[in-house]
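Colleague: Got a structure for you, questions after.
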Amino acid sequence: MDAIRIPPPAELDALEDEHFRQVVRAFLHANYPEDLRNPPKRLHWAENKGWYLRLAEAGWLCPGWPKENGGLGLSPAKQIILTEEYERHGVARTNDHGIVMLGPLVIKYGTEEQKQRFLPKILTGEHIWCQGYSEPGAGSDLAALRTEAVLDGDHYVVNGQKIWTTLAMDANWIFLLVRTDKAAKKQEGISFLLVDMQTPGITVRPIINLEMHDEFCEVFFDNVRVPKENLVGQLNKGWDMAKALLGFERIFLGSPRQSAYALSRLKILAERMGVWEEPAFQDRYARLRLDLEDLKALYGTYVDRLKRGESLGPDVSMLKILQTELFQAITDAMLEIAGENAGLMEPMEGNRDLNIGGLYIQARPATIYGGSNEIQRNILSKNVLGMPG
Amino acid sequence: MSAAETDDRAESIRMIRDSAAAVAPRGGDLKRVRDLRWQDPGFDAGLFRQMGEMGWIGLRVPEALGGAGLGVAEMCGLAEELGAGLVPEPLIPCALSAQLLAACGGKGRLPALLAGDAVVLTAWQERADTLEVPGSPDAPRRFLPMAAGADVFLLPLREGGRLALYELPAERCAPAVERTQDGGNLGTLQPNLQDATKLADDVGTALADALDEAALVTAAYLLGGMERAFAMTLDYLKTRQQFGKIIGTFQALQHRAADVRMQVALTRASIDSAAAALDAGAAGDARRAAVSRAKARAAEASLRVTRECIQLHGGIGYTDDYDAGLYLRKAMVLANQYGSASLHRRRFMAASPEVEE
């Protein structure tokens, strides 16, 4: 690769798009650990810490934050290019809840004191955040959450339980949606609270998922005392704030990259199993291929909208549904043609490209997380098609 | 394209779409279309002439040859509007003939065709579900759309390594006509070479290129039909009551409607990106891949969507009085015209074997 000069962080947003893309490629080439490319599982802090701190050191950690808060101040168009290149390179997700969720929320709604206190520690990697939203009784119906915070002098006292808290065992801070008014309509009695995980009364219990991986946790709160200055925004306005933060990042749930990766593995497997030339397989593969190409075209129309500075409407739910269901259909095909190899715990023949069962299992939660596909279809029918009820 | 060029282009496509309202008024009823069903020739020659006057038949023909010199995206936009109104006049096959005659330097009946005074059909097809043009001297030419109203046939003939083009007047060579599900007809022509006049020694790739475009424009016509049929269905779901409720409140129906919406969105994205690729000069495999992708999607989605529309209407959807069925029958005919979904999937894979990660 030609030596491309990597400009200081503050200059990145001013680059022409294609030049910026080349800079991102060069940066990844020079900095991303080779052994972490395309990891089969979500990495823990111990594994991705080196990369996270390298990003922090380079000033690249927070692409979407404004420059005055220590971010790169990238436009949506450039953030998309950055993400495309990360995906292409097989860059693992970091423990990024502070970067993509909490940081933007504090920047938008936090007090000056809260910004000074929390943002720099995200930028240095000192604070690793996790997100406490879902509860056992509040999944798709998140606004039914019951974990409550009651004011007692200068503190809120928190009691309740969160679940599906991704990488909570790695985090030292958690941001919570808590109920602060039980009498109000369910969306209107919710507040946003920041909690130090070292506070007495917090218990974290990992959950083993179908990948046999401890990616998420249950987090229990038993009379946890949280200083009242840790409330972000107005009391009982937490729901609106959390919703307002569902920004253009939603488009990434519909990125065709995951399906493109799986489809190329389906081909490798089909050749290995000797079915590639079969007309029945060819037709099935062609259908999946065309689904992928049309999804790419549709995804491209949303990227173009963002590049023109438009915001995304509820119809972006289509991308998530189409992408995740295609990903599953591809792994379904892999399972069906692999014979007994499909049931193996480890990749077939020790070849990471032939991780049949692993990919099949990995595809399952895609239609559940980020708003299940059933919820996405509700959104489409009510908010896009204007269906009643 | 610069932002200004993009805006100009969008404006040009919008104007073409608006002009289509002269023939297929938005929100208009389908009485005219119903009245023409299964009558010979299956369309209105006067309206076809009007299409000529509006410059539609030569939309893709260069201005120097009397056409409008507009792009594939404009043609697709127009076809979409006509598809929404189920307009039966044979614009797509005649536009194909116009492109072919234009590629030969404007020979034969091109001026009359562009004016809408002559219906000129290209008799290229020798078997079902193909885009190949063998150009056999004696093989019957099959599946000529709206052949009952043809004035002139163009006959491609293989001569050595070249594809020559002949012209045959319809009055000397009447096609056998079969009626189609949508109320139109398909003709079979037994070519009579004594009456044929040679127009060109070699049309090169012009016919293959025009067939590609016709496949894509047919996809756009199907998209227009899908959208209109789906809009009708949404209206129905929002008004029909059963069990004391509007049936659109039932989640099972909401989710089916969401699935239909996604198929429509994929079809639009596929066609728009193919039209943009062709307008940007895509050639060879890239061109074939773009067209086949869009036609495969439109063929399958149009049948799926119109079927769903019938089901979501219930019994009323199965009556001939109700318009939903008209859209299904049109899809049954056009899904396989200029190549079925299955043909286009194979063609796509041949043109674009590798997935880009």
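Colleague: Considering each residue of segment B:242-254, count those that are away from every other protein chain (no Cβ under 11 Å) and either within 17 Å of B:Gly315 (Cβ to Cβ) or in a helix (DSSP H, G or I) (or both), and give that number.
Modeller: Here the count works out to 2.
Colleague: Let me ask something additional. Within segment A:356-377, which residues are assigned to a helix (DSSP H, G or I) and touching a Gly at 6+ places or on another chain (Cβ under 9 Å)?
Modeller: Result: A:Ile356, A:Gly357, A:Gln376.
Colleague: What are the pairs with Cβ atoms under 6 angstrom where one residue, in segment B:265-276, is at the interface with another protein chain (Cβ under 7 Å from one of its Cβ atoms) and the other, located anywhere, is surrounded by fewer than 22 Cβ atoms within 10 Å (Cβ to Cβ)? Sequence gap at least six, or different chains.
Modeller: From residues that are at the interface with another protein chain (Cβ under 7 Å from one of its Cβ atoms), the pairs are B:Ala269/A:Thr301.
Colleague: For the structure I just gave you, tell me whether A:Asp353 is within 11 Å of another protein chain (Cβ to nearest Cβ) and in a helix (DSSP H, G or I).
Modeller: No; evaluated as a whole, the condition is false for this residue.
Table: residues versus (1) free of Cβ contacts under 8 Å to residues at least 60 places away in the same chain; (2) in contact with a strand residue (DSSP E or B) (Cβ under 6 Å, 6 or more places away or on another chain); (3) assigned by TED's automatic domain parsing to the domain that holds B:Thr306; (4) buried (at least 20 other Cβ atoms within 10 Å of the Cβ).
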position: B:Leu47; (1), (2), (3), (4): yes, no, no, no
position: B:Glu53; (1), (2), (3), (4): no, no, no, no
position: B:Leu59; (1), (2), (3), (4): yes, no, no, yes
position: B:Gly66; (1), (2), (3), (4): yes, no, no, no
position: B:Ala84; (1), (2), (3), (4): no, no, no, yes
position: B:Pro93; (1), (2), (3), (4): no, yes, no, yes
position: B:Gly106; (1), (2), (3), (4): yes, no, no, no
position: B:Gly116; (1), (2), (3), (4): no, no, no, yes
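Colleague: Looking at segment A:79-106, which of the residues that are part of a helix (DSSP H, G or I) and touching a Pro at 6+ places or on another chain (Cβ under 7 Å) is farthest from A:Arg42 (Cα to Cα)?
Modeller: A:Gln79
Colleague: Follow-up question, since we're still on this one. Checking A:Leu12 against (1) part of a helix (DSSP H, G or I); (2) under 27 Å from A:Lys243 (Cα atoms); (3) in contact (Cβ under 8 Å) with a residue 60 or more places away in the chain: exactly one of these is not met. Which one?
Modeller: Exception for A:Leu12: condition (2).
Colleague: Out of all the residues in segment A:240-257, is one or more touching a Ser or Thr at 6+ places or on another chain (Cβ under 7 Å), crowded, with 17+ Cβ neighbours inside 10 Å and either farther than 26 Å from A:Lys296 by Cα or within 14 Å of chain B (Cβ to nearest Cβ) (or both)?
Modeller: No - not one qualifying residue is present in segment A:240-257.
Colleague: For residues that are closer than 24 Å to A:Asn378 by Cα and touching a helix residue (DSSP H, G or I) at 6+ places or on another chain (Cβ under 8 Å), scanning just segment A:307-318, find the one that is nearest to the other protein chains (Cβ to nearest Cβ).
Modeller: A:Met318
Colleague: Then there is this: Quick check on my filter: what residues within segment B:35-82 are assigned to a loop (DSSP other than H, G, I, E, B), under 27 Å from B:Ala277 (Cβ atoms) and touching an Asp or Glu at 6+ places or on another chain (Cβ under 6 Å)?
Modeller: B:Gly69, B:Gly71
Colleague: State whether one or more residues within segment B:285-300 are under 22 Å from A:Leu298 (Cα atoms), surrounded by fewer than 19 Cβ atoms within 10 Å (Cβ to Cβ) and small (Gly, Ala, Ser).
Modeller: Looking through segment B:285-300, at least one residue is under 22 Å from A:Leu298 (Cα atoms), surrounded by fewer than 19 Cβ atoms within 10 Å (Cβ to Cβ) and small (Gly, Ala, Ser).
Colleague: Okay, next question. Could you tell me which numbered condition B:Leu234 fails, if it satisfies all but one of (1) within 17 Å of the chain's Cα centre (by Cα); (2) within 14 Å of chain A (Cβ to nearest Cβ)?
Modeller: Just one mismatch for B:Leu234, condition (1).
Colleague: Continuing with this model, one more query. Within segment A:263-284, which residues are of a type in the set (Gly, Ala, Ser) and within 10 Å of another protein chain (Cβ to nearest Cβ)?
Modeller: Result: A:Ser264, single match.
Colleague: Being touching a residue at least 40 places away in the same chain (Cβ under 8 Å) and within 29 Å of the chain's Cα centre (by Cα) is the filter here; which residues of segment A:261-292 pass it?
Modeller: A:Tyr261, A:Ala262, A:Leu263, A:Arg265, A:Leu266, A:Ile268, A:Leu269, A:Tyr285, A:Leu288
Colleague: Restricting to segment B:310-350, count the residues that are within 14 Å of another protein chain (Cβ to nearest Cβ), more than 14 Å from the chain's Cα centre (by Cα) and farther than 19 Å from B:Ile247 by Cβ.
Modeller: Result for segment B:310-350: 10.
Colleague: Any idea which of B:Val291, B:Val260 is within 24 Å of A:Asn378 (Cβ to Cβ) and either assigned to a helix (DSSP H, G or I) or more than 8 Å from chain A (Cβ to nearest Cβ) (or both)?
Modeller: B:Val260
Colleague: Among the candidates A:Ala144, A:Ala149, which residue alone is among the small types (Gly, Ala, Ser) and either in contact with a Gly (Cβ under 8 Å, 6 or more places away or on another chain) or surrounded by fewer than 17 Cβ atoms within 10 Å (Cβ to Cβ) (or both)?
Modeller: Going through A:Ala144, A:Ala149 in turn, just one is among the small types (Gly, Ala, Ser) and either in contact with a Gly (Cβ under 8 Å, 6 or more places away or on another chain) or surrounded by fewer than 17 Cβ atoms within 10 Å (Cβ to Cβ) (or both): A:Ala144.
Colleague: Counting only residues that are at pLDDT below 95, out of contact with any Gly (no Cβ under 8 Å at 6 or more places or on another chain) and not in a helix (DSSP H, G or I), how many does segment A:17-38 have?
Modeller: 0
Colleague: Taking only pairs six or more apart or across chains, which ones have beta-carbon atoms under 6 Å, a first residue in segment A:43-66 that is free of Cβ contacts under 8 Å to residues at least 40 places away in the same chain, and a second residue that is of a type outside the set (Ser, Thr, Tyr) and surrounded by fewer than 17 Cβ atoms within 10 Å (Cβ to Cβ)?
Modeller: From segment A:43-66, the pairs are A:Arg54/A:Asn31.
The values are calculated or read from the model by the stated rules, or taken from the named source; none is laboratory data. Here the structure is a predicted model, which is why all the values come from computation and not from measurement. No Cβ is skipped: glycine too gets one built from the backbone with ideal geometry, and neighbour counts run over all protein chains shown.
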